[in-house]
Amino acid sequence: SQQGEEDPQALSIQEGENATMNCSYKTSINNLQWYRQNSGRGLVHLILIRSNEREKHSGRLRVTLDTSKKSSSLLITASRAADTASYFCATVRNNNAGNMLTFGGGTRLMVKP
Amino acid sequence: SQTIHQWPATLVQPVGSPLSLECTVEGTSNPNLYWYRQAAGRGLQLLFYSVGIGQISSEVPQNLSASRPQDRQFILSSKKLLLSDSGFYLCAWSGTTPKAFFGQGTRLTVV
């Protein structure tokens with residue numbers, strides 16, 4: 001079953017606007033990650049936030065984590081047309097078989113020039 | 001630096017035919033390896049993962065199997081493809097950190 005669920009499923013904004021995507025998860029986590037996927041390509045890691053962190057920044061990306069609500073958000077500021085992609089949150093299920101990533105359904109972001 | 005290769009990029013196969021998708025990783029040793037499937041416009045479903053040669057775990061029962069004959073080689077197979085096996089297949093690896101690195105994917109269409 002999917003551990004993380006993103007919303008909205010799709011988001012369309014104008015270039016220069018901010019884009020906010022949310023992710024909810026069900027079980028306790030050690031960390032939460034966000035990935036980006038261009039259409040028909042593999043996923044690329046964007047940012048990781050640990051369970052003891054509340055906020056993290058990387059360039060135009062800002063991620064927050066609220067473990068009490070089991071939710072995270074990804075904010076892309078000053079969006080560009082090149083930010084058009086699908087964005088996924090992923091949580092790590094630690095077990096004896098390594099760090100297994102479980103992904104949500106993703107948010108499809110379209111940034112209009 | 002580490003790289004991951006996955007091929008072929010696209011594949012069209014008839015129902016009932018066999019399947020073999022290959023994934024290799026370079027520049028690292030003893031990686032954790034994963035096969036995911038992605039339906040159109042959807043999230044990723046974990047199919048198989050492996051923490052070492054010959055060690056394969058399956059997440060969901062299905063028509064597919066996986067093998068790891070070498071440390072950095074992960075193969076996804078089927079003896080007889082079904083229409084429902086169509087999808088976008090992604091191989092990934094991770095090391096000592098939880099971050100995963102993905103191949104470019106294989107789009108499989110079963111006709």
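The values are calculated or read from the model by the stated rules, or taken from the named source; none is laboratory data. A quick note: this is a predicted structure, and the numbers were derived from the prediction, not measured. Quick reminder, even Gly has a Cβ in these numbers, built from the backbone with ideal geometry, and neighbours come from all protein chains shown. Accessible surface is based on the protein model in full, side chains and every heavy atom, while ligands, DNA and RNA are left aside. Shrake-Rupley method; radii C 1.70, N 1.55, O 1.52, S 1.80 Å.
Quick rundown of the values:
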read-out: Approximate spin-label separation B:E59-A:Q9, in nm, with each point projected 7 Å along Cα-to-Cβ; value: 2.0
read-out: Tensor-based shape of segment B:3-110 (alpha-carbon gyration tensor, a/c under 1.5 rounded, otherwise prolate or oblate); value: prolate
read-out: With every protein chain in place, chain B: carbon and sulfur % of accessible area (1.4 Å); value: 53
read-out: Inter-chain shielding of A:29-41 (mean C-beta neighbours from other protein chains, 10 Å cut-off); value: 2
read-out: J(HN,Hα) series, segment A:44-49, from Karplus relation 6.51 cos²θ - 1.76 cosθ + 1.60, nearest Hz, glycine and proline x; value: 10, 5, 9, 7, 10, 10
read-out: B:T10-B:T96 pseudo-label distance in nm [points 7 Å out on the Cα-to-Cβ vector]; value: 4.2
read-out: Qualifying aspartates and glutamates (Cα of each under 14 Å from Cα of A:K56; at least 8 residues distant if same chain); value: A:D66
read-out: Relative contact order, percent, chain B [alpha-carbon distance under 8 Å, six or more residues apart]; value: 36
read-out: Whether the protein assembly as shown is rounded, prolate or oblate, judged on the alpha carbon gyration tensor where a/c under 1.5 counts as rounded; value: prolate
read-out: Neighbourhood charge, 11 Å Cβ-Cβ cut-off, centred on A:Y87 and excluding it, Lys, Arg +1 and Asp, Glu -1; value: 0
read-out: Accessible area buried at the A-B interface, both sides summed, 1.4 Å probe (Å², nearest 100); value: 1800
read-out: Residues with amide H under 5 Å from that of A:I47, placed H, sequence gap 5 or more; value: A:W34
read-out: Simple spin-label estimate for B:E26 and A:T67 in nanometres, 7 Å along Cα-Cβ; value: 4.0
read-out: Amide hydrogen neighbours beyond the local backbone of A:G105, cut-off 5 Å, H modeled; value: A:E6
read-out: Chain A - percent of accessible surface contributed by carbon and sulfur, probe 1.4 Å; value: 45
read-out: Reduction of at least 10 Å² in accessible surface, 1.4 Å probe, comparing all protein chains with the chain by itself, residues of segment B:97-111; value: B:P98, B:K99, B:A100, B:F102, B:Q104, B:R107
read-out: Accessible area per residue, Å², the protein assembly as shown with all protein chains present, probe 1.4 Å; value: 47
read-out: Tail weight of P(r) past 23 Å, computed on alpha-carbon pairs of chain A, percent; value: 23
read-out: FRET efficiency for B:Q104 and B:S77, using Cβ-Cβ distance with R0 set to 22 Å, rounded to 0.05; value: 0.65
read-out: Among A:A81, A:A90, A:A19: highest mean-square fluctuation, GNM of chain A, C-alpha pairs under 10 Å; value: A:A81
